[in-house]
Amino acid sequence: MRTIRRLIYGEVIRAVAFVTLAFLTLFFFFDLVDQLDAVTRYTRAGYSLPYALLYVALLIPSHVYELLPIAMLIGAIYVMARMAESSEFTILRTSGLGPLRALGTLLALGAGFVLLTFVSGDYLAPQANRGAQMLRSRFTGEISVGLTGAWLKDRQPRASYSVNVGAMTSEGAMNNVQIFEFDPAGQLRTILKAAKATFGSEGAWLLQDVRQRRFTEGDAAGRPAIHARALPELAWPTQLSSDMVAAALLSPDRMKTVELFQYIRHLQANGQNAQRYEIEFWRKVFYPLSCLVMMVLALPFAYLHFRTGNITGYVFLGVLAGISFFLLNNVFGYIGNLRDWEPWLAAAAPGFLYSLLSLAAFGWLVLRQ
């Protein structure tokens, strides 16, 4: 049995490595072509072709995370179909490789890919993507979200705050910061506008070039009194960390699972809607497990009878099945967000459905033969 596992594992790993390399080469080329326009636009800022190549190289871990399950599906289908076409799998079956043992063998290999996908998506991709964003921001400007920047909330014992961060620089500083302070009754008390802010060492932001407007009780007519002043610097105490600001500025699919969980707790503690981030959190939990689904999808191809030259069509059908799985995975995420589904259900439903279909197809082929 060890020899059989070594044979199957070696063939599948080589095929998956080849498919992954082919996809990465294609994506590297597309990313580089996309960066040529940025090289032309930001030449005066020093953004040259070597920096563009480095930026594209830093995107590779993200592509590995996104492509590994489907590359594994294509590689596994090709190996299973080729072994069925050459009758190798039939020989293995007569040698004692029963259906359940074959399924367990592929699932054990899939578990290794689950670990690899998790590591690449939770450790390599976020760090590399953040480095790529910081590298490009050195030449193109700042990291921002749309025209209004990112909004955060911070609740403290005597007040609550709504914070708007326009952008973050490559050095980790924040630009165009606005802080709105509300009293326990919900009345606006103070507005702070700072051209720049940095993260202090003792749970505070150091605001620079500050304009402060404080609202107090007004005259007998009920008109509030506004006290305005300008300050060169001001320390604002807050529990909002650099990771939270980065989480608000970056896309949630580029964050670590732990960072997503911490950011979700922060949103919930401040009464904000965390549905989008909860769905993305559960997707990051279940996405590596899709490698097991891909293995289950590939196994029925080993029990099909192929004519010479007919293997390409079956491999193409398997690839379409894998692509449909990933499209459905994305669609369920959007529908779950719009329909307010349970986040774990929206993330797990596609994998559960395809696992049932794959096991049903596998069981039917085994019983038929």
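Structure data summary
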{"item": "Residue in the stretch 87-100 that is in a helix (DSSP H, G or I), closer than 19 Å to Val293 by Cα and among the aliphatic types (A, V, I, L, M) present", "result": "yes"}
{"item": "Residue that is within 26 Å of Lys256 (Cα to Cα) and surrounded by 16 or more Cβ atoms within 10 Å (Cβ to Cβ), where the choices are Leu106, Leu68", "result": "Leu68"}
{"item": "Options Ala71, Ala102, Ala84: the member that is over 33 Å from the mean Cα position of the chain (by Cα) and closer than 27 Å to Ser355 by Cβ", "result": "Ala84"}
{"item": "Members of the stretch 337-365 found to be of a type outside the set (A, V, I, L, M, F, W, C) and either over 20 Å from the mean Cα position of the chain (by Cα) or over 29 Å from Phe261 (Cβ atoms) (or both), listed by number", "result": "Arg339, Asp340, Tyr354, Ser355, Ser358, Gly363"}
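Conditions (1) part of a helix (DSSP H, G or I); (2) modelled with pLDDT under 80; (3) surrounded by 19 or more Cβ atoms within 10 Å (Cβ to Cβ), marked per residue:
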{"position": "Leu299", "(1), (2), (3)": "yes, no, yes"}
{"position": "Arg307", "(1), (2), (3)": "no, yes, no"}
{"position": "Val319", "(1), (2), (3)": "yes, yes, no"}
{"position": "Phe326", "(1), (2), (3)": "yes, yes, no"}
{"position": "Trp341", "(1), (2), (3)": "no, no, no"}
{"position": "Leu356", "(1), (2), (3)": "yes, no, no"}
{"position": "Leu359", "(1), (2), (3)": "yes, yes, no"}
{"position": "Leu365", "(1), (2), (3)": "yes, yes, no"}
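To keep it simple, each residue is scored yes or no on (1) closer than 22 Å to Arg136 by Cβ; (2) of a type outside the set (Val, Ile, Thr); (3) touching a strand residue (DSSP E or B) at 6+ places or on another chain (Cβ under 7 Å).
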position: Asn176; (1), (2), (3): yes, yes, yes
position: Phe182; (1), (2), (3): no, yes, yes
position: Ala185; (1), (2), (3): no, yes, no
position: Ala194; (1), (2), (3): no, yes, yes
position: Phe199; (1), (2), (3): yes, yes, yes
position: Val210; (1), (2), (3): no, no, yes
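The values are calculated or read from the model by the stated rules, or taken from the named source; none is laboratory data. Note that this is a predicted model, so its numbers are computed, not measured. Backbone-built Cβ (ideal geometry, glycine too); neighbour counts: all protein chains shown.
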